[in-house]
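Below you'll find the structure, written out as C-alpha cells, and then a few comments.
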C-alpha cells in the first residue's frame, strides 16, 4: 500500500466532487473541464488502489473508501483556507472588520466613528452589527465587541469599562419624578436584552438596591437595548440605561439620570480578537481609540454611587 500523500490537486478534485456528488458541478467550482477533473480523481484512485466513486448512469456515489476520505478531506481544505486567510490578514494593515451588537453599534460606535476615520484615514473600516457568534477565521472578522461575562478561551480579551444601569429620562420629565419612589407613576420601559444577566439587573433589582419596594413596569418591552433607549428619547417613559449605550446621551444632555445611583451589571463589554492579533497596527489603533473614547466620559460615570454586586 502506498503510504505517501497523493497530489493536492487530486485531493481537491475529490473534495469538490464529494461535496457536490457531481463531477460536472465540481468541475465548475474548480474552473476545470469535467474530463480534467475525472482524470484527477482517477489518478487519486490509482494512488489509493481502490475506487472512491461508483459511476452510475447520471450520477455518482461514494464507495466505502470515498466515505472514509470525504469528511477529513473537507475539513483539511477548510483548515487550509482558514490558515491562508489568516496569513493574508497578517499582511493587511489597511482594513479592519469589526462585529458588535446592533445596540452597541448604534449607540456607541456609530456616533463616534467619524473621529476614528479622521484620525486614521489609512484604515478602511467594515462593520457587522450582529449578535451571532462569529468565527474570526471563517467570517473574516478582526475584532468583536461582545457583552457578557466571558471567559473567552483562546482569544485576546480586554474588559472595557464597568457596566451599570440607572433610570434615564428626558430632562423635562425629571421634575415630575423627583425620587425613585415617584417612578411608580411613570411609564417604565423594559429592555429585555439583559434578561440573561444573573443576578438580574432589572427594575426590581434596581428598586431593591436603592431601598424601595419593587417597581413593576407596565410600559413597552423591547428586545433591543437601543430601541428601549429610543423610546425614552421619544418621551414615552423612563428606561434603565446601560452605561455604554446611554453615556453619550447623558453627556450631551438629551437624557438625564436624576437619582445618581447605578446598579452594576457584573457583565462587561469585551474587546476580542485572536491571540497575538492585538498587536496588528489597525487593531492596536482601534483598541487605543476605544479606550480614549471611554475615558472622555469617565467623569460622568464617576458621579454615580455604585450599588449592588461587584464586577467580575
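Derivation of every value follows stated rules applied to the coordinates shown; laboratory data play no part. Note that this is a predicted model, so its numbers are computed, not measured. With ideal geometry, Cβ positions are generated from the backbone for all residues, glycine too; neighbour counts draw on all protein chains shown.
Summary table
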{"quantity": "Fraction of beta bridges assigned by DSSP in the stretch 157-252 that are antiparallel (%, nearest 5)", "calculated": "50"}
{"quantity": "With eigenvalues of the C-alpha gyration tensor scaled by 5 and rooted, the stretch 62-181, Å", "calculated": "42, 21, 12"}
{"quantity": "Stokes-Einstein D for the stretch 94-134, Kirkwood Rh over Cα pairs, 20 °C, 1.002 mPa s (µm²/s)", "calculated": "199"}
{"quantity": "Semi-axis lengths, Å, the stretch 234-312, gyration tensor of Cα atoms, sqrt of 5 times eigenvalues", "calculated": "28, 16, 12"}
{"quantity": "Debye equation applied to the C-alpha atoms of the stretch 42-81, log10 I(q)/I(0) at 0.18, 0.24, 0.26, 0.34 Å⁻¹", "calculated": "-0.57, -0.85, -0.91, -1.04"}
{"quantity": "R0 of 30 Å, Cβ-Cβ distance residue 288-residue 129: FRET efficiency to nearest 0.05", "calculated": "0.85"}
{"quantity": "Gained length - residue 300 relative to residue 47, 0.36 nm times residue gap less alpha-carbon distance", "calculated": "84.1 nm"}
{"quantity": "Isotropically averaged projected area of the stretch 119-228, using the convex hull of Cα atoms (one quarter of hull area), nm²", "calculated": "10.3"}
{"quantity": "Largest-first principal axis extents of the Cα set of the stretch 164-280 (Å)", "calculated": "52, 30, 25"}
{"quantity": "Residue order, fewest to most beta carbons within 10 Å, for 256, 190, 216", "calculated": "216, 256, 190"}
{"quantity": "Size of the stretch 93-312 as Cα extents on the principal axes (Å, biggest first)", "calculated": "54, 34, 29"}
{"quantity": "Proportion of all alpha-carbon pairs of the stretch 32-100 beyond 19 Å (%)", "calculated": "56"}
{"quantity": "Separation of the residue 221 and residue 55 label points, Cα + 7 Å toward Cβ, nm", "calculated": "6.3"}
